[in-house]
Amino acid sequence: GPGTAAAGEAQQRAPRQEPAGRKRQRVYIKLAAAREQLAALERLKQLLAEHPGQLNTVLFYEREQRLIALSDSYRVKPSPELFGEIEQLFGEGAVVVK
């Protein structure tokens, strides 16, 4: 119907070019072996969902020395509030943006 052409144009303009040579930052969350409880992980997913944003989230399982990149649905907007909550779950210094 009418109006679809305009919507199509907007979509084509949507992807923004990253500045050259700048890697997109990601949020890394370190899961110490002692804190790898299901309840904590469920709460973490809930927190991430409550703070949607642009940065991909990566979990680091300390026990297995394994990095797990979460899906795009867990992209977050970093904030002191979010990071404070994550540190309550997984300990001080458990979350870093790099």
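The values are calculated or read from the model by the stated rules, or taken from the named source; none is laboratory data. As the structure is a prediction and not an experimental result, all values here were calculated from the model. All Cβ positions, glycine included, derive from the backbone under ideal geometry; neighbour counts span all protein chains shown.
Considering (1) modelled with pLDDT of 95 or more; (2) among the basic types (K, R); (3) exposed (fewer than 14 other Cβ atoms within 10 Å of the Cβ), say which one R26 fails and leave the rest.
Result: R26 fails condition (3) only.
Anything in region 65-94 that is touching a residue at least 40 places away in the same chain (Cβ under 8 Å) and assigned to a helix (DSSP H, G or I)? List them, or say none.
Passing the criteria: I86, L89, F90.
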